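Colleague: Sharing a structure, written as structure tokens. Questions coming.
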Amino acid sequence: MEKKPRTFERIPVFIVEDHNDVLEFIYRCLGSRHLPFEGNTLVHFDAHPDLTVPMKLPTEVVFDREKLLSSLSIENWIIPMCFAGHVGKIFWIRQEWAQQIPSGRHDFTIGASPCGHIRVDSELEYFISEGSFLPKESLRDSRSVEFHVGTTQEILACDTRPQNFILDIDLDFFSTHNPFLKLHNEVNLHERLRPIYSYKLDRNDLTGTVAKRLEQLDFLERIFTHLQEKRNLEGFEEKDHPLYEMIESLHRDIEGATEAPIDWEIVHAAGCTLDSTPLPHHEATKDELSSSLEIFKDFLKKFPTPTIITMSRSSEDDYCPSNQVDAIEKAVLDILRDIYGNSLTDKPQFFYKDNKD
């Protein structure tokens, strides 16, 4: 019989720099039974869904906390919690300018592939474009995930109110950059990567689409890994691939335009963001920030009280503008204190470089 969850005297607030680092504190609360071991809800304010599937992560690693925490990154930290059953319901609360997944309810099944990796049966292009789609009948150890997407107004209108939930706030919800836009502007990198990473979505053959997409992404990973390790294309054996000449030309132009060492893994990461819906880029004005903060406050007034609150600054990688992040953090903390009063911890726990507790 599962033990009854414990109750915090006051709601804890954990603040990190990189968003995946909140997972450590969520797991601590699972272990201490302040969160139920299964069936929690994640209310996720963010400019990005963060629902990328860690494609090469063996499913057994999901149940090895230390290995798991060291294997994840900012875009893929949520899905393993769903596979483990810790989270069964997600609300991605987005701004109008964050369009990676359309508003609505998009429930999906998550499970293990025949090769022992996490996959989902969602037909959203968000998952198709990374190759993580697999038909439900091919998944084992599967679980259902209830998934809602919308602005604050849309989520409030769906009239569902979770009782055990994690309030998760990425400060780039209020103002965000696409840091890849300024990468190697001297050769117009962003636009030159687009045809290299584009693919054709065939809704009548999703399995075939995913197979072709995975072959494309595997090739791109191999060639950019070769560039990262060798610093040139000598010895790369797949020169007959249709994408090779475009990458060769890109390599030559970037090398000719800069003397600094080139991070080809970052170039590849930039390309992987170029599917049908690009990463959002919207540095909010002072008036927009004020409006967003008021809307955020109004939402919290109308929603139940969370069990824990996690917060990510996302500024060192330039997703949340560094010139705005401190003011946004202070404003959000002021709102939390105003809404939850004495139910909130007196002192948030800071876990980032310049302000560790």
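Colleague: What number of residues within the stretch 55-94 are part of a loop (DSSP other than H, G, I, E, B), farther than 17 Å from residue 140 by Cα and in contact with a Ser or Thr (Cβ under 8 Å, 6 or more places away or on another chain)?
Modeller: Of the stretch 55-94, the ones part of a loop (DSSP other than H, G, I, E, B) are 55-57, 64, 72-78, 85-86, 94.
Restricting the remaining residues to those that are farther than 17 Å from residue 140 by Cα gives 64, 72-78, 86, 94.
From what's left, in contact with a Ser or Thr (Cβ under 8 Å, 6 or more places away or on another chain): 74-76, 94.
Residues that pass the stated criteria total 4.
Colleague: For the stretch 14-46, how many residues meet the condition of being over 16 Å from the mean Cα position of the chain (by Cα), under 16 Å from residue 92 (Cβ atoms) and either of a type in the set (A, V, I, L, M) or part of a loop (DSSP other than H, G, I, E, B) (or both)?
Modeller: Qualifying residue count, the stretch 14-46: 0.
Colleague: Next up: Given 79, 74, which one is within 28 Å of residue 291 (Cα to Cα) and not basic (Lys, Arg)?
Modeller: Going through 79, 74 in turn, the sole match is 74.
Colleague: Could you tell me whether any residue of the stretch 297-304 is free of Cβ contacts under 8 Å to residues at least 24 places away in the same chain and either open to solvent by 30 Å² or more (accessible area, probe 1.4 Å) or more than 30 Å from residue 232 (Cα to Cα) (or both)?
Modeller: So in the stretch 297-304, the residues free of Cβ contacts under 8 Å to residues at least 24 places away in the same chain come out as none.
No, the stretch 297-304 contains no residue that is free of Cβ contacts under 8 Å to residues at least 24 places away in the same chain and either open to solvent by 30 Å² or more (accessible area, probe 1.4 Å) or more than 30 Å from residue 232 (Cα to Cα) (or both).
Colleague: Determine which single condition residue 245 fails, assuming it passes every other condition in (1) at pLDDT 95 or above; (2) open to solvent by 20 Å² or more (accessible area, probe 1.4 Å); (3) closer than 30 Å to residue 10 by Cα; (4) touching a Lys or Arg at 6+ places or on another chain (Cβ under 9 Å).
Modeller: Unmet for residue 245, out of (1) at pLDDT 95 or above; (2) open to solvent by 20 Å² or more (accessible area, probe 1.4 Å); (3) closer than 30 Å to residue 10 by Cα; (4) touching a Lys or Arg at 6+ places or on another chain (Cβ under 9 Å): (3).
Colleague: While we're on this one: Let me spell it out: the conditions are (1) closer than 30 Å to residue 330 by Cβ; (2) in contact with a helix residue (DSSP H, G or I) (Cβ under 6 Å, 6 or more places away or on another chain); (3) hydrophobic (A, V, I, L, M, F, W, C); (4) open to solvent by less than 20 Å² (accessible area, probe 1.4 Å), and residue 293 meets all of them except one. Which number is the exception?
Modeller: Exception for residue 293: condition (4).
Colleague: Sort through 30, 35, 51 and tell me the only one that's in contact with a Cys (Cβ under 8 Å, 6 or more places away or on another chain), modelled with pLDDT of 95 or more and aliphatic (A, V, I, L, M).
Modeller: Values: 30 fails: in contact with a Cys (Cβ under 8 Å, 6 or more places away or on another chain); 51 fails: in contact with a Cys (Cβ under 8 Å, 6 or more places away or on another chain).
Exactly one of 30, 35, 51 is in contact with a Cys (Cβ under 8 Å, 6 or more places away or on another chain), modelled with pLDDT of 95 or more and aliphatic (A, V, I, L, M), namely 35.
Colleague: While we're on this one: Give the residues of the stretch 325-350 that are among the acidic types (Asp, Glu) and farther than 22 Å from residue 287 by Cα, sorted by residue number. Can you show your working first?
Modeller: Taking the stretch 325-350 and keeping what is among the acidic types (Asp, Glu), we get 326, 329, 334, 338, 346.
346, the sole residue that qualifies.
Colleague: So for the stretch 101-122 (the condition being within 14 Å of the chain's Cα centre (by Cα), buried (at least 18 other Cβ atoms within 10 Å of the Cβ) and touching a residue at least 24 places away in the same chain (Cβ under 8 Å)), does at least one residue qualify? Working first, answer last.
Modeller: Taking the stretch 101-122 as the starting set, the residues that turn out to be within 14 Å of the chain's Cα centre (by Cα) are 101.
Checking the rest, the ones that are also buried (at least 18 other Cβ atoms within 10 Å of the Cβ) come to 101.
With touching a residue at least 24 places away in the same chain (Cβ under 8 Å) added as a condition, the list becomes 101.
The answer is yes, given that some residue of the stretch 101-122 is within 14 Å of the chain's Cα centre (by Cα), buried (at least 18 other Cβ atoms within 10 Å of the Cβ) and touching a residue at least 24 places away in the same chain (Cβ under 8 Å).
Colleague: Out of the residues in the stretch 11-31 meeting the condition of being under 13 Å from residue 70 (Cα atoms) and aliphatic (A, V, I, L, M), tell me which one is surrounded by the fewest Cβ atoms within 10 Å (Cβ to Cβ).
Modeller: Of everything passing the filter in the stretch 11-31, 23 is surrounded by the fewest Cβ atoms within 10 Å (Cβ to Cβ).
Colleague: A follow-up question, please. Hey, among 210, 267, which residue is touching a strand residue (DSSP E or B) at 6+ places or on another chain (Cβ under 6 Å), under 21 Å from residue 52 (Cα atoms) and surrounded by 15 or more Cβ atoms within 10 Å (Cβ to Cβ)?
Modeller: Details: 267 fails: touching a strand residue (DSSP E or B) at 6+ places or on another chain (Cβ under 6 Å).
So the residue among 210, 267 that is touching a strand residue (DSSP E or B) at 6+ places or on another chain (Cβ under 6 Å), under 21 Å from residue 52 (Cα atoms) and surrounded by 15 or more Cβ atoms within 10 Å (Cβ to Cβ) is 210.
The values are calculated or read from the model by the stated rules, or taken from the named source; none is laboratory data. Values in this document were obtained by computation on a predicted structure and should not be read as measured data. FYI the Cβ positions are ideal-geometry reconstructions off the backbone, even for glycines, and counts take in every protein chain you see. With ligands, DNA and RNA removed, areas are computed over all heavy atoms of the protein, side chains included. Shrake-Rupley method; radii C 1.70, N 1.55, O 1.52, S 1.80 Å.
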